[in-house]
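Quick notes on the structure that follows.
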Amino acid sequence: MRRSQLFIKTRKEAPADEESKNAQLLIRAGYIHKEMAGVYSYTLLGKTVIDNLSQIIRQEMNAVGGNEVLMSTLQNKDLWETTGRWDDKAVDNWFKSKLVSGAEVGIGLSHEEPITNMLRSYISSYKDLPVYTYQIQDKFRNELRAKSGLLRGREFLMKDLYSFSRTQSEHDKFYEKVAAAYLMIFERVGFADDITYRTFASGGIFSRFSDEFQVLSHVGEDTIYVDEAKKMAINKEVYTDENIEHLGLNKGQLSEKRAVEVGNIFALGSKYSDALGLKFTDESGQQQSIIMGCYGIGVSRLMGLLAEHFADEHGLVWPANIAPYKVYLASLGEAAEVSKAADGLYEALSQAGVSVIYDDRDERPGEKFADADLFGLPYRVVVSQKSLEQGGFELKSRTSTSTEVVPQEKLLSILSDSRQD
Ligand code: ATP
Ligand code: MG
């Protein structure tokens with residue numbers, strides 16, 4: 001991508017109406033645009049980050065047998081009345097709207113009801129099960145406060161998977177598979193396993209607890225108690241003497257931490273399937289209940305947390321798997337031989353499959369360096385008269401302060417070698 005074709009402009013100052021570091025940085029770097037509090041749009045850079053995150057999540061969800069679907073945002077009121085969740089007293093953060101006829105519709109904040117209802121058209125026998133469906137889709141929630149940038153949106157991107165199993169033990173096995181896949185996802189996106197905790201939490205419908213996935217962070221809204229040695233954690237919401245004892249934990253070994261909930265998984269039993277009449281016939285012809293689970297990950301929240309976590313005083317510092325492009329290539333000065341060499345390198349890198357932003361603009365070097373840092377791509381390559389005199393191109397990784405001049409062939413091999421797909 002040529003920088004001259006990228007419409008975004010970076011900003012030196014953070015917008016005055018943003019309090020959170022993630023939104024300030026992502027707006028300054030041109031990744032996102034604020035529509036209103038808790039509602040953001042994504043530019044090519046931001047969308048590519050979302051796509052990279054989604055791709056990792058998709059790979060792991062496909063690996064456990066998920067079918068990717070895309071459910072509608074508008075939801076049928078009748079279904080939610082059937083499960084008793086339409087009433088604002090039951091769910092207090094719904095956005096709802098009205099059709100021209102006056103009939104009410106819901107604007108999706110979760111999809112247990114519609115997915116269960118949809119599967120009534122496809123599932124009748126034990127041979128049709130188990131079924132695992134997931135989607136990566138915008139959710140809408142009328143959050144009371146939305147001051148944390150992408151960490152808490154009123155419109156945000158979620159991955160939600162729903163499982164439909166024949167027996168409790170079939171469900172339990174799958175539930176543990178998803179929990180393991182979640183830990184893999186968080187590690188792959190850049191959160192090392194020493195800051196990510198599977199955490200006992202409230203919201204258990206069929207089980208005593210739900211399982212949250214919490215990343216330790218001072219910006220977190222959640223308080224959790226962690227046992228580092230046992231690698232266990234318990235959310236403050238369920239931090240009672242009885243639960244601590246039940247989990248075999250010891251108050252003396254637990255330390256209090258702030259954390260961000262990036263995922264949450266629930267055993268639902270047959271609450272939704274029974275209410276909506278989704279059943280199956282077993283081998284002996286008997287009607288049986290279907291055991292469900294639901295499994296969420298906040299995709300846009302993950303992006304916000306990565307921006308919060310991986311940054312320095314100069315800007316973003318994306319983990320390699322998530323960075324929207326791998327290289328920021330900048331040509332300095334007007335000399336024809338510099339442009340020619342930079343054009344050639346851009347071409348060669350693109351052909352080698354290395355993703356590049358090529359800053360071909362007529363801007364001062366300081367401007368280009370500042371943007372390279374702010375964008376947070378893993379590598380910066382500079383082409384200048386000086387670098388050409390020294391026999392090549394100046395290479396610097398985003399996290400180091402030193403540079404080296406390397407000839408084109410070597411540069412290509414370094415940048416394609418460490419390529420992460
Ligand atoms: P929270 O307690 O933070 O409000 P939640 O428990 O209501 O979240 P879930 O219904 O468990 O959220 O949703 C699944 C996942 O979606 C959460 O683990 C979180 O990562 C993400 N998520 C939930 N609400 C938001 C939001 N308003 N903005 C961004 N991500 C969100
Ligand atoms: Mg939750």
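For every residue, the table says whether it meets (1) in contact (Cβ under 8 Å) with a residue 12 or more places away in the chain; (2) in contact with a helix residue (DSSP H, G or I) (Cβ under 8 Å, 6 or more places away or on another chain).
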| site | (1), (2) |
| --- | --- |
| LYS326 | yes, yes |
| GLN351 | no, no |
| GLY391 | yes, no |
| LEU395 | yes, yes |
| THR399 | yes, no |
**Message:** Just to check your reading of the model, which residue among ARG208, ARG198 is within 14 Å of ligand 2 (Cβ to nearest atom) and surrounded by fewer than 20 Cβ atoms within 10 Å (Cβ to Cβ)?
**Reply:** ARG198
**Message:** So in segment 209-261, with the set limited to residues that are of a type in the set (Ser, Thr, Tyr) and within 16 Å of ligand 1 (Cβ to nearest atom), which one is nearest to ASP160 (Cα to Cα)?
**Reply:** SER210
**Prompt:** If ILE234 passes every condition in (1) of a type in the set (A, V, I, L, M); (2) crowded, with 17+ Cβ neighbours inside 10 Å; (3) farther than 12 Å from THR199 by Cα but one, which one does it miss?
**Reply:** (3)
**Request:** Could you look through segment 262-317, keep only residues that are among the hydroxyl-bearing types (Ser, Thr, Tyr) and more than 30 Å from LEU25 (Cβ to Cβ), and pick out the one that is nearest to ligand 1 (Cβ to nearest atom)?
**Result:** TYR272
**Message:** I'm told LEU247 meets every condition in (1) of a type outside the set (Asp, Glu); (2) assigned by TED's automatic domain parsing to the domain that holds TYR182; (3) more than 16 Å from ligand 2 (Cβ to nearest atom) except one. Can you identify the failing condition by its number?
**Reply:** (2)
**Asked** Name the residues in segment 147-173 that are assigned to a strand (DSSP E or B) and within 16 Å of ligand 2 (Cβ to nearest atom), would you?
**Response** PHE156, LEU157, MET158, LYS159, ASP160, LEU161, TYR162
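Residues are listed down the side, and each one gets a yes or a no for (1) within 16 Å of ligand 1 (Cβ to nearest atom); (2) within 30 Å of LEU25 (Cα to Cα):
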site: GLN59; (1), (2): no, yes
site: ASN62; (1), (2): no, no
site: ASN67; (1), (2): no, no
site: ASN76; (1), (2): no, no
site: ASP92; (1), (2): yes, no
site: GLN137; (1), (2): yes, yes
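For (1) outside any helix (DSSP H, G or I); (2) on the phi > 0 side of the Ramachandran plot; (3) in contact with a Gly (Cβ under 7 Å, 6 or more places away or on another chain); (4) not basic (Lys, Arg), each residue gets a yes or a no:
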position: ASP373; (1), (2), (3), (4): no, no, yes, yes
position: LEU377; (1), (2), (3), (4): yes, no, no, yes
position: LYS386; (1), (2), (3), (4): no, no, no, no
position: GLU394; (1), (2), (3), (4): yes, no, no, yes
position: SER400; (1), (2), (3), (4): yes, no, no, yes
position: VAL405; (1), (2), (3), (4): yes, no, yes, yes
position: SER413; (1), (2), (3), (4): no, no, no, yes
**Request:** With a cut-off of at least 1 residues that are in contact with a Ser or Thr (Cβ under 8 Å, 6 or more places away or on another chain) and within 26 Å of GLU212 (Cβ to Cβ), name the strands (runs of 3 or more DSSP E) lying wholly within segment 255-363.
**Result:** 255-269, 291-298
**Item:** Sole exception among (1) within 16 Å of ligand 2 (Cβ to nearest atom); (2) farther than 21 Å from PHE156 by Cα for SER110, by number
**Value:** (2)
**Prompt:** List pairs: first in segment 182-199 and aromatic (Phe, Trp, Tyr), second surrounded by 19 or more Cβ atoms within 10 Å (Cβ to Cβ), Cβ under 6 Å, 6+ apart or cross-chain?
**Reply:** TYR182/PHE213; TYR182/GLY263; PHE186/THR196; PHE191/VAL215; TYR197/GLN214; TYR197/VAL226; TYR197/ALA233
**Message:** So for segment 277-285 (the condition being away from ligand 2 (no atom under 16 Å from the Cβ), within 30 Å of GLU308 (Cβ to Cβ) and of a type in the set (A, V, I, L, M, F, W, C)), does at least one residue qualify?
**Reply:** no
**Item:** Out of ALA233, ALA307, sole residue that is within 16 Å of ligand 2 (Cβ to nearest atom) and either out of contact with any Pro (no Cβ under 8 Å at 6 or more places or on another chain) or outside the structural domain of SER400 (by TED's automatic domain parsing) (or both)
**Value:** ALA233
**Message:** Looking only at segment 145-195, count every residue that is among the β-branched types (Val, Ile, Thr) and surrounded by fewer than 17 Cβ atoms within 10 Å (Cβ to Cβ) and tell me the total.
**Reply:** 2
**Prompt:** When the residues of segment 1-55 are filtered to those that are under 19 Å from the mean Cα position of the chain (by Cα) and in a loop (DSSP other than H, G, I, E, B), which remaining residue is nearest to ARG188 (Cα to Cα)?
**Reply:** TYR31
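The values are calculated or read from the model by the stated rules, or taken from the named source; none is laboratory data. The model shown is predicted, which means the values in this text are computed figures rather than measured ones. Glycine also receives a Cβ, built like all others from the backbone with ideal geometry; neighbour counts cover every protein chain displayed.
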